[in-house]
Amino acid sequence: MACPERKAPRYRPRNRKQSSQEEEKRLRAIDPLINAYVDFILGAPGLLRHQFLRRLWAWRQRWSTTLFLRAIERAHRYQITSLETLERIALLQLDDTALPDPLVDPELEKRPAYQEGSLTDTPDLSRYDD
């Protein structure tokens, strides 16, 4: 029987599982789209929910808001439950937004240096024909 006057333990074990309620609350407060994705993740069977929510929150702190929202939107649309896939989605989204297309002079092909370079000898690739 448990004693009602029992004292609290003197220390807390290091390997004790911590809740991810704070991360979940912060994620839900960002956008309704993220709220819907968190609901989807929490309903998915077989996931390590606390780890997933902590990783999402860590990514939210590292990534821009636009990138994070676009990645979450795509992951929710395709019902992605893999952290690795979600990270690849973000990297692909980052490639779309990283740099604007370079401005290329439409007269480039008419320049003498361009025309001279287009007439170089074709390399000998016969050694790769094995």
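The values are calculated or read from the model by the stated rules, or taken from the named source; none is laboratory data. This is a predicted model, so every value here is computed, not measured. Here the Cβ positions follow ideal geometry from the backbone for every residue, glycine too, while neighbour counts run over all protein chains shown. Side chains included, ligands, DNA and RNA excluded: accessible areas come from the protein's heavy atoms. Shrake-Rupley method; radii C 1.70, N 1.55, O 1.52, S 1.80 Å.
Between Arg54 and Glu107, the contour length at 0.36 nm per residue exceeds the alpha carbon distance by 13.9 nm. Take the Cα of Ala29, step 7 Å toward its Cβ, do the same at Leu91, and the gap between the two points is 3.2 nm.
In this structure the chain gives 85 Å² per residue of accessible area when probed at 1.4 Å with all protein chains present. Remark: C-alpha extents of the stretch 18-86 on the principal axes read 28, 25, 21 Å, sorted largest to smallest. Helix-only arithmetic for the chain: the sum of -39500 (n - 2.57) across DSSP H runs with n ≥ 4, divided by the residue total, places the mean residue ellipticity at 222 nm at -16500 deg cm²/dmol. Averaged over residues, the count of other Cβ atoms within 10 Å places the peptides 79-86, 37-44, 104-111, 53-60 in the sequence 53-60, 37-44, 79-86, 104-111, highest first. Evaluated at q = 0.11, 0.13, 0.21, 0.22 Å⁻¹, a Debye calculation over the C-alpha positions of the chain (equal weights, vacuum) places log10 I(q)/I(0) at -0.64, -0.72, -1.22, -1.29.
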